[in-house]
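Here it is: the structure, laid out below.
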Amino acid sequence: MEKGLLFVVSAPAGCGKDTILGELFKKTDKAGYAVSATTRAPREGEIDGVHYHFLTRDDFSEKIKRGEVLEYTEYCGNFYGTLKKSVDDLILSGKDAVLKIEVEGAMNIKKMFPEACLVFILPPSLEILEKRLRGRGTETEEKIRERTLQAKNELAFAKNYDYLVVNDDLSEAVEDVLSVFRAEKLRRERRAGLIERISGEKT
């Protein structure tokens with residue numbers, strides 16, 4: 001069985017990464033989210049191993065020490081992170097593992113997993129991003145300004161990503177990300193032995 005690949009997808013708030021990935025997963029059954037781990041308590045209806053891997057703080061800390069956590073952050077007194085096993089399980093099953101994480105976490109993943117493919121989703125412009133955030137009608141003007149400034153800071157990391165996708169039109173952005181997934185599978189260095197297998201000669 002051909003192993004899956006690891007894809008890391010990042011984007012500033014309001015760029016539509018959740019929507020894009022949701023639509024992408026409708027178009028392919030060859031990719032899935034790597035389930036994150038957290039030390040917070042499960043909420044009603046949440047299932048261990050499906051929504052999160054729920055761990056004690058001691059367990060999480062031990063996994064960090066043993067190098068079993070690819071990236072993590074602490075938010076509101078709880079750890080959130082990506083377990084290496086969650087990624088490995090998907091990849092070894094032949095599925096592509098998708099991590100939806102912020103830019104600093106993505107840089108850490110690239111250090112630990114150099115073969116990972118990083119995709120950054122951009123807005124057409126910061127003005128349009130601000131308009132989209134305002135259009136949600138769920139945030140204060142102060143929060144919108146804060147998110148816009150944060151987006152500007154995050155854009156500085158975009159040059160470190162392998163692919164840049166502009167979400168100007170949702171359907172096109174979904175197809176662009178899907179094209180990235182497909183193209184990465186066809187890279188020569190990822191298909192070791194293919195020519196040899198077909199030709200019967202060593203290359």
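Given the criteria touching a helix residue (DSSP H, G or I) at 6+ places or on another chain (Cβ under 7 Å) and farther than 22 Å from R147 by Cα, does L55 qualify?
Against the criterion (touching a helix residue (DSSP H, G or I) at 6+ places or on another chain (Cβ under 7 Å) and farther than 22 Å from R147 by Cα), L55 does not qualify.
Taking the conditions exactly as written (basic (K, R) and more than 30 Å from R191 (Cα to Cα)), does K65 satisfy them or not?
Values: basic (K, R): yes; more than 30 Å from R191 (Cα to Cα): yes.
Taking the combined requirement at face value, the residue satisfies it.
Can you find even one residue in the stretch 109-116 that is over 28 Å from K3 (Cα atoms) and in contact with a helix residue (DSSP H, G or I) (Cβ under 6 Å, 6 or more places away or on another chain)?
Of the stretch 109-116, the ones over 28 Å from K3 (Cα atoms) are none.
No, every residue in the stretch 109-116 fails to be over 28 Å from K3 (Cα atoms) and in contact with a helix residue (DSSP H, G or I) (Cβ under 6 Å, 6 or more places away or on another chain).
Let me ask something else. Does the stretch 39-75 hold any residues that are touching a Phe, Trp or Tyr at 6+ places or on another chain (Cβ under 9 Å), over 19 Å from V8 (Cα atoms) and in a strand (DSSP E or B), and which are they?
Matches in the stretch 39-75: D48, E74.
Another question, if that's okay. Could you check the stretch 84-103 and list, in sequence order, the residues that are assigned to a loop (DSSP other than H, G, I, E, B), surrounded by 18 or more Cβ atoms within 10 Å (Cβ to Cβ) and at pLDDT 90 or above? First the steps, then the outcome.
Let us first name the residues in the stretch 84-103 that are assigned to a loop (DSSP other than H, G, I, E, B), namely 93-95, 101-102.
Retained after the next criterion (residues that are surrounded by 18 or more Cβ atoms within 10 Å (Cβ to Cβ)): 95, 101.
Selection gives K95 alone.
Checking the structure you have, find out if any residue of the stretch 70-85 is in contact with a His (Cβ under 7 Å, 6 or more places away or on another chain) and either of a type in the set (S, T, N, Q) or over 21 Å from E175 (Cα atoms) (or both). Let's see the steps before the verdict.
Start the filter on the stretch 70-85 by keeping residues that are in contact with a His (Cβ under 7 Å, 6 or more places away or on another chain), which leaves 83.
Of the ones still in play, those that are also either of a type in the set (S, T, N, Q) or over 21 Å from E175 (Cα atoms) (or both) are 83.
Yes, that holds for at least one residue.
Looking at the stretch 105-128, is at least one residue closer than 21 Å to G32 by Cβ, in a loop (DSSP other than H, G, I, E, B) and of a type in the set (F, W, Y)?
Taking the stretch 105-128 and keeping what is closer than 21 Å to G32 by Cβ, we get 105-106, 109-110, 112-113, 115-121.
So of that shortlist, the ones also in a loop (DSSP other than H, G, I, E, B) come out as 113, 115-116.
Adding the requirement that they be of a type in the set (F, W, Y) leaves 113.
Within the stretch 105-128, one or more residues are closer than 21 Å to G32 by Cβ, in a loop (DSSP other than H, G, I, E, B) and of a type in the set (F, W, Y).
State the number of residues belonging to the stretch 140-152 that are out of contact with any Pro (no Cβ under 9 Å at 6 or more places or on another chain) and either more than 17 Å from A11 (Cβ to Cβ) or of a type in the set (S, T, N, Q) (or both).
So the answer is 5.
Next up: Are there any pairs, at least 6 apart or on different chains, whose C-beta atoms fall under 9 Å, with the first in the stretch 146-157 and touching a residue at least 12 places away in the same chain (Cβ under 8 Å) and of a type in the set (S, T, N, Q) and the second assigned to a helix (DSSP H, G or I) and surrounded by fewer than 17 Cβ atoms within 10 Å (Cβ to Cβ), and if so, which?
T148/L126
What pairs come up if the first residue lies in the stretch 22-49 and is among the polar types (S, T, N, Q) and at pLDDT below 90, the second is surrounded by 11 or more Cβ atoms within 10 Å (Cβ to Cβ) and part of a helix (DSSP H, G or I), and their beta carbons are under 8 Å apart, counting only those six or more places apart or on different chains?
Matching pairs, first to second residue: S36/S86.
Considering each residue of the stretch 162-203, count those that are part of a helix (DSSP H, G or I) and either within 28 Å of the chain's Cα centre (by Cα) or exposed (fewer than 12 other Cβ atoms within 10 Å of the Cβ) (or both), and give that number. Give the steps one after another, and end with the answer.
Going residue by residue through the stretch 162-203, those that are part of a helix (DSSP H, G or I) are 170-185, 188-190, 194-199.
Checking which are either within 28 Å of the chain's Cα centre (by Cα) or exposed (fewer than 12 other Cβ atoms within 10 Å of the Cβ) (or both) leaves us with 170-185, 188-190, 196-199.
Total satisfying the criteria: 23.
The values are calculated or read from the model by the stated rules, or taken from the named source; none is laboratory data. Treat the numbers as computed from the prediction; the structure is a model and nothing was measured. Don't worry about glycine lacking a Cβ; one is built from the backbone with ideal geometry, like all the others, and counts go over all protein chains shown.
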